[in-house]
Amino acid sequence: MMDWNEILEALPATVSKDATVKHALQMLNAAPQKVVFVTEADAIIGYVDGESILEQIEQSSLGAPITYKTDMLKVPCTNPVEFYHNVSIVLGVNQQGEPVGFTTFAEARNKITQTQLHRKNQIFHSSGIGLITTDCQFRITFINERAEAILGLSRNFLLNRNYKKLLAIDVLEEVLQGGQLVNVTSSLNFKQMIGNFSPLIEHGKIQGIVHIFYQRQQLEQAIQDLELVRNLNDDIQAIYSSSNEEILVMNGQGRIMRLAGTYLQEFWMYADPHLLIGKQMDELQKEGFFRQNILQICRKQKGKHVFIQENAKGRKVWSVATPVFHGETLEKIVIISRDITELNQLKEELETVKKKSDRYKQELDQILNKTQQEKKLIYRSKVMENLEDQIKQIALVNSTVLLYGQSGVGKEVFAQAIHKYSRRSEQPLIRVNCGAIPENLIESEFFGYEKGAFTGADRNGKPGLFELAHNGSIFLDEITEMPLNMQVKLLRVLQEREITRIGGVKSRKIDVRVIAATNRDIKKMVEENKFREDLYYRLNVIPLHIPALRERVEDIISLSIAFLQQYNDAYQRQKTLTREALDVLESYHWPGNVRELQNVLERSIVTTKDDAIKGEDVMAILYGEEKDTKIKPIIGSIVPLKEAVDEVEGQLIRSALQKYGTAAKAAEILGISQATMSRKIKQLL
């Protein structure tokens, strides 16, 4: 509230009430205030101004006596400014009733508006809030001092420029439709900001946009639900109440004037924040809320002051006190506070977790080593020996590898072998099944996201799989199942070796060895425009073809024995494989490759009653799954005799095996030896 003596001007010249119009006009021209007071017996009884003199000149001669106005009011100059009806001029009087100054009501309103605007700009600047407004064409119409300081650009440069183009934000049209954008990250002149966009409403119509923001590195948590109207004469409380921090304003005498933002009830221990209004700093210090006298510190030294305060119950708050001076007089102090009690508790919990981390790491290393041993390459064939030699050679470089092979051949085992033989073996190997991640989540899983990036996001953000694989390797299985829109982003990662989290603006460099795999004809998919050609060439740097199990029959026995040992250990059994069982396994064509062999061995160990797994046990599992075996029609058409004989022989052998369950019994019924039966089975399979 302002007093009259803050806006009064010096008294102008006076004329007596008997003065002529000419004399009054001469005095009025010489007066800088363009007002002349009329006196009688040294007392002011009225005034004349330019408007009244012109009217008198039109209506009478210059020699006529003046006519003066009396719509003025005398008020004590120490009284607060108030406005009255039917009054144009205010005379300020001292305690003796003597006039000491004057002002017009129009000038008084103008000065009060300017003072309020100056003070509110000071509060914006002191609290670190940047403010920019635009018109409906996004041209900048206003920028406060704090915004200039944050952006490092002057208002002369920014005014009338297109703010939408400067920020490169495409959704500002929503604000002109009445929407509000909350907690939006933006960048201008390489300065990161976070804030709210709101419609600028005047007389019930949207006239532009208001952007209120903080410098991002000074903001620990995004400002939520912040609403602002362009009329700066409105109460600044509306801005404070939307802040996540508690904002306390006290006057120069240390008395709390207002409290806004998030009320720290657990610190103050008052149920109603209004109970704090009017309290003195000295009183709060005696109650134990403040260790230092903030008022005295701010009086002695200008600039921001940081405090850590703790109440009697151990609640801690972090406060920044900013004094506001009018000249050399302390006018008010703005204190922004945040409760950091939970942060301290989290810090203590983090220290406890750190003490346990070494033990957890050792246990994890043991698990990883065990897993690697279980998935090591097992082979006896020459083709696999050559393939492993090739893997050892390419593992020494960081080139991208693309593994080709049918489903179930063990592409993940080969990816793990490449990582194990590389110089990255001590770093993580991240395995990703591109076909198992929902399309709407694949980008956040791959590249991570910043806090508040979308609804339901972790409040602390989350690193992506590529970040987790930094300095290590990442295995992208079923790469051909990746959507086309994600293929573009993956290509950029492979080219630039950097990623950007969802909701973020800062790129993060990554050092990752990429190993991809597919069981499809990727080149054909490129021709059919189902897979990007540029990504194909980026992945297909070192192609490796993993042969199907039927192409390396020598490995079947080695793999069978390894799986047998694995499941014996897992299920605490002592099963063995007979020679006949191994023959049956070697004779099968294994459309499901190693995965199917592993499945058959596990089922054999679980379902067989004897400790020895016989040939008929394996045959029952293999043949029991076949349904509606296709039989070539030989009746009603002419076919080569040998083909007809072979087909009939095959049908008889299959029927006998299905009916009697064992090769020995089937051979006896068909009248052939077991050796012949074994040879016939191999031919059929």
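Every number in this text was worked out from the coordinates using simple rules, so none of it is lab data. Source: prediction; values computed, not measured. Cβ coordinates were reconstructed from backbone atoms using ideal geometry, including for glycine residues, and neighbour counts include every protein chain displayed.
Judged by the gyration tensor of its Cα atoms, with axes a ≥ b ≥ c, segment 395-534 is oblate; a/c meets the 1.5 cut and b/c is at least as large as a/b.
Taking a threshold of 26 Å on the Cα-Cα distance, which of the pairs Lys164/Lys205; Lys392/Lys530; Lys279/Lys302; Lys420/Lys614 fall above it? Check vs 26 Å cut-off fails for Lys392/Lys530; Lys420/Lys614. Label separation (Tyr270 vs Lys376): 7.2 nm, computed from points 7 Å beyond Cα along the C-beta direction.
Assuming R0 = 56 Å, what is the FRET efficiency of Glu481 and Leu641, from their Cβ-Cβ distance, to the nearest 0.05?
0.70
Simple spin-label estimate for Glu602 and Asn5 gives 9.3 nm between the two label positions (7 Å along the Cα-to-Cβ direction from each Cα). Taking the dipole about the Cα centre of segment 242-303, with the C-beta of Lys and Arg at +1 and of Asp and Glu at -1, give me whichever of Gly278, Ile256, Asn293 is farthest to the positive side. The listed residue farthest towards the positive side: Asn293. In order along segment 546-556, the Karplus-derived 3J(HN,Hα) couplings, from 6.51 cos²θ - 1.76 cosθ + 1.60 at θ = phi - 60°, round to 9, x, 5, 5, 5, 8, 9, 4, 4, 8, 5 Hz, and Gly and Pro are given as x. For the pair Tyr571 and Ser61, label points projected 7 Å from Cα toward Cβ lie 13.4 nm apart. For Gln192, the residues whose amide H sits under 5 Å from its own are Arg216, ignoring neighbours fewer than 5 places away on the same chain, with H placed 1.01 Å from N. Applying both filters, DSSP loop and at most 11 other Cβ atoms within 10 Å, to the chymotrypsin sites (Phe, Trp or Tyr not before Pro) of segment 139-195 gives Phe190.
In terms of packing, defined here as the mean over residues of other Cβ atoms within 10 angstrom, the peptides 176-185, 432-441, 317-326 line up highest first as 317-326, 176-185, 432-441.
Here segment 246-339 is assigned +1 on the Cβ of each Lys and Arg and -1 on the Cβ of each Asp and Glu. Its dipole about the Cα centre then comes out at about 240 debye.
Treating r as the C-beta distance of Val397 and Ile297 and R0 as 60 Å, the FRET efficiency rounds to 0.45.
Read through the labelled values (i) 1.67; (ii) 0.94; (iii) 1.07 and report the label of the one computed as Cα Rg over 2.2 N^0.38 Å from the structure. Matching the structure shown: (i). Computed about its Cα centre, the charge dipole of the chain is approximately 2080 debye, with only Lys, Arg, Asp and Glu carrying charge at their Cβ.
Sequentially through segment 82-96, phi angles give Karplus couplings (6.51, -1.76, 1.60; θ = phi - 60°) of 9, 10, 10, 7, 6, 10, 10, 10, 10, 9, x, 10, 7, 5, 8 Hz, Gly and Pro residues having no value and appearing as x. For the chain, the longest principal axis of the C-alpha atoms and the axis of helix 593-607 are separated by about 70°. The C-alpha atoms of the chain define a longest principal axis, and helix 615-624 lies at about 50 degrees to it. Along the axis of the charge dipole computed for the chain (Cβ charges of +1 for Lys and Arg, -1 for Asp and Glu, origin at the Cα centre), the listed residues Gln566, Leu491, Leu131 are led at the positive end by Gln566. Cβ crowding within 10 Å ranks Cys136, Cys77, Cys298 as Cys136, Cys77, Cys298, fewest other Cβ atoms first.
Once backbone amide H atoms are built at 1.01 Å from N, Lys316 has Ile340, Thr341 as its partners under 5 Å, excluding neighbours fewer than 5 places away on the same chain. Our summary gives segment 444-585 a relative contact order of 21 percent, counting only alpha carbon pairs under 8 angstrom and 6 or more residues apart. In the chain, a dipole from Cβ-located charges (positive for Lys and Arg, negative for Asp and Glu) runs towards its positive end, and of Tyr537, Ile681, Ile522 it is Ile681 whose Cα lies farthest in that direction. Taking the longest Cα principal axis of the chain as reference, the axis of helix 641-660 is set at about 80 degrees.
Which FRET efficiency, nearest 0.05, do Glu287 and Ile44 yield, Cβ-Cβ r, R0 41 Å? E between Glu287 and Ile44, to the nearest 0.05, is 0.15. Of the residues Val15, Val36, the one with the fewest other Cβ atoms within 10 Å heads the list, and the complete ranking is Val15, Val36. Oblate is the label for segment 376-420, because the ratio a/c of its alpha-carbon gyration tensor axes (a ≥ b ≥ c) is 1.5 or higher and a/b is not greater than b/c. Only Lys, Arg, Asp and Glu carry charge here, each on its Cβ (+1 for the first two, -1 for the last two); on that basis segment 37-142 has a dipole of about 720 debye about its Cα centre. Here Met482, Met525 are placed in order of increasing Cβ neighbour count within 10 Å, fewest first, which gives Met525, Met482. Rounded to the nearest whole Hz, the Karplus-based 3J(HN,Hα) values (6.51 cos²θ - 1.76 cosθ + 1.60, θ = phi - 60°) of segment 134-148 follow the sequence 10, 8, 6, 9, 6, 6, 5, 10, 7, 8, 7, 4, 5, 5, 4, with x at glycine and proline. Residues whose amide H comes within less than 5 Å of that of Gly208, counting only those at least five positions distant or on another chain, are Leu200 (H built at 1.01 Å from N in the peptide plane). Distance from the alpha carbon centroid of segment 501-579 to that of segment 11-49 works out to 102 angstrom. Once a ≥ b ≥ c are taken as the square roots of the eigenvalues of the Cα gyration tensor of segment 70-194, is the result rounded (a/c under 1.5), prolate (a/b larger than b/c) or oblate (a/b not larger than b/c)? Because a/c hits 1.5 or more and a/b exceeds b/c, segment 70-194 counts as prolate.
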